[in-house]
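Structure, as structure tokens:
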Amino acid sequence: MALKDAGLNIVWIDKATFPRDKVCGDAIPSNVQRVLKSIDGSLNEKFLQHFTEKVQVEGCRFIAPDKTSFDLSFVTKGHAAKRLHFDHFLFNMAKECNSHVSFIGDASVESIVNSATDVTVRLADGRTIEGQVIVGCDGANSIVRKNLAQPFINKKENIAAVRAYYSNVADLEHKMLEIHIIKGYMPGYFWIFPLPENQSNVGFGMVNRFITNRRIDLKEALKEIIHKDKAISPRFSQATIDGVISGFGLPCGGRKNPISGQRILLCGDAASLINPATGEGIGNAMISGRMAALHIINSFQANNFTQSFNVQYDNMVYSKLLGDLRIQHWLQRITADREWLINFALKHVSNNNWIRQKVRKFF
Ligand SMILES: Cc1cc2nc3c(=O)[nH]c(=O)nc-3n(C[C@H](O)[C@H](O)[C@H](O)COP(=O)(O)OP(=O)(O)OC[C@H]3O[C@@H](n4cnc5c(N)ncnc54)[C@H](O)[C@@H]3O)c2cc1C
């Protein structure tokens with residue numbers, strides 16, 4: 001979408017066809033609307049008016065291990081929608097607004113050769129596509145990232161999480177996300193996020209190094225919380241699971257890894273830009289996508305696709321996101337396994353108006 005007026009020929013390749021599911025908590029942060037507006041106000045209007053398969057989210061309820069709770073109301077309201085629907089909506093909007101895009105679906109990228117003169121993508125079915133630059137928006141297990149001079153992965157710091165859809169969870173707080181930190185399941189968090197038609201996205205996630213050290217089975221942990229936690233299990237007594245529990249990785253930000261190379265730019269999860277404290281990554285994926293588009297326009301103007309020129313893209317992304325990602329990473333580290341600290345922090349945030357206002361600005 002951000003290249004809609006650039007006049008460039010774009011080939012969009014995805015191993016899936018749309019609509020396709022994506023394992024996610026389905027909370028769509030408010031910065032998504034800011035990105036859409038910054039590209040073109042009409043895109044955000046379309047999202048607000050025509051995308052109906054969403055609920056508005058006005059805040060988040062945090063529940064500490066001692067069950068102290070704190071309601072944070074968002075400065076700008078967000079939404080929640082199944083990624084099946086939200087991504088399909090974005091897909092259609094992107095195709096509609098850019099007549100220079102050809103979409104190749106059901107096409108897995110198998111390898112990439114990036115040379116000084118062009119970049120060639122080879123698909124699993126043997127087809128090849130040549131271009132001037134490739135943007136890797138190919139998620140946590142990015143193939144494109146492997147072609148960087150120093151491919152990175154913050155394996156230990158990343159998060160893994162599982163989620164399932166449930167109908168009829170009781171006592172849902174209207175328009176609120178719920179994040180529970182649960183005794184015996186730390187450091188990690190359990191969530192219940194509201195969706196249309198009385199459905200909820202219910203999930204549990206943890207930092208990888210704890211999953212490995214403690215041999216945690218996330219799917220079992222999710223089931224145990226739902227069946228055994230005294231505050232949570234009564235709310236699921238009439239609830240039914242829709243489908244199965246599915247899991248995926250969350251590549252988190254906080255380090256200044258190189259996210260570009262010769263004729264290569266990475267966005268979103270491929271660039272490890274997820275908020276390590278909350279697990280949100282949709283907003284940063286879209287912010288980096290918009291920046292990649294701006295940088296590509298500059299690259300074509302300067303006819304320069306070199307690694308040294310593309311460092312400008314890294315700088316653009318990190319000057320916007322790295323400060324917050326580092327704070328979020330630090331927050332994740334200091335609260336991990338410190339039950340008393342989370343109880344203490346949530347009590348004081350809920351009792352102190354000044355701290356509430358400060359925290360509010362952070363979300
Ligand atoms: C359990 C869980 C809960 C989460 N909850 C939230 C949340 O509530 N809110 C939030 O903001 N974020 C959340 N996230 C993070 C969020 O899902 C990601 O940050 C976001 O989807 C990143 O978008 P992306 O476009 O970078 O990657 P993706 O959404 O993963 O998209 C990657 C695309 O690349 C395609 N692809 C991959 N490999 C290839 C290949 N070889 N060839 C061709 N195509 C390929 C895929 O089919 C896919 O369409 C959660 C993540 C998980 C796992």
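General remarks:
- Protection-proxy order for peptides 138-147, 335-344, 245-254, each taking the mean of Cβ atoms within 10 Å per residue, highest first: 245-254, 138-147, 335-344
- A dipole drawn for region 93-198 from +1 and -1 charges on Cβ atoms has a positive end, and of Ser111, Asn98, Pro194 the residue lying farthest that way is Ser111.
- Each principal axis of the Cα cloud of region 135-251 was evaluated for its coordinate range; sorted largest first, these ranges are 52, 32, 23 Å.
- Binning the C-alpha pair distances of region 75-209 at 5 Å intervals from 0 yields a P(r) profile of 2, 7, 12, 13, 14, 15, 13, 11, 8, 4, 1, 0 %, listed from the shortest bin outward.
- For region 8-94, GluC sites (Glu not before Pro) are listed when DSSP marks them as loop and at most 16 other Cβ atoms sit within 10 Å of their Cβ; the list is Glu53.
- Neighbourhood net charge (12 Å Cβ-Cβ; Lys/Arg +1, Asp/Glu -1) for Phe210: +3
- Per-residue packing, averaged as other Cβ atoms within 10 Å, sorts the ranges 34-43, 259-268, 165-174, 274-283 into the order 259-268, 274-283, 34-43, 165-174, beginning with the highest.
- Using the Cβ-Cβ distance between Thr76 and Trp12 with R0 set to 30 Å, the FRET efficiency works out to roughly 0.55.
- Per-residue HN-Hα couplings for region 90-101 [Karplus 6.51, -1.76, 1.60; θ = phi - 60°; Hz; x = Gly/Pro]: 4, 4, 5, 5, 5, 5, 5, 8, 9, 6, 8, 9
- Pairwise Cα distances in the chain exceed 25 Å for 55 percent of all pairs.
- By DSSP, the beta bridges lying fully in region 1-118 are antiparallel in about 70 percent of cases.
- Selected from Gly283, Ala271, Ala231, residue furthest toward positive end of dipole (region 212-297; charges at beta carbon): Ala271
- Over the chain: helical MRE at 222 nm, DSSP H runs n ≥ 4 each giving -39500 (n - 2.57), nearest 500: -11000 deg cm²/dmol
- Leading residue at positive end of dipole, the chain (Cβ point charges), from Gly261, Val135, Ala64: Ala64
- Cα coordinate range in region 186-312, projected on the principal axes (Å, largest first): 62, 39, 21
- Using alpha-carbon coordinates, inclination of helix 339-351 to the longest axis of the chain, degrees: 90 degrees
- Calculated from backbone phi, Karplus (6.51, -1.76, 1.60) coupling profile of region 119-131 in Hz, x at Gly/Pro: 10, 10, 10, 10, 8, 4, 8, x, 5, 10, 10, 10, x
- Principal-axis analysis of the Cα atoms of the chain puts helix 282-302 at an angle of about 20° to the longest axis.
- Among Met176, Met291, a tally of other beta-carbon atoms within 10 Å of each Cβ gives an order, fewest to most, of Met176, Met291.
Each reported figure results from applying straightforward, stated rules to the coordinates on display, with no laboratory input. What you see is a predicted model, and the numbers here were worked out from it, not measured in a lab. A quick note on method: Cβ atoms are made from the backbone with ideal geometry, for glycine too, and the neighbour counts reach across all protein chains shown.
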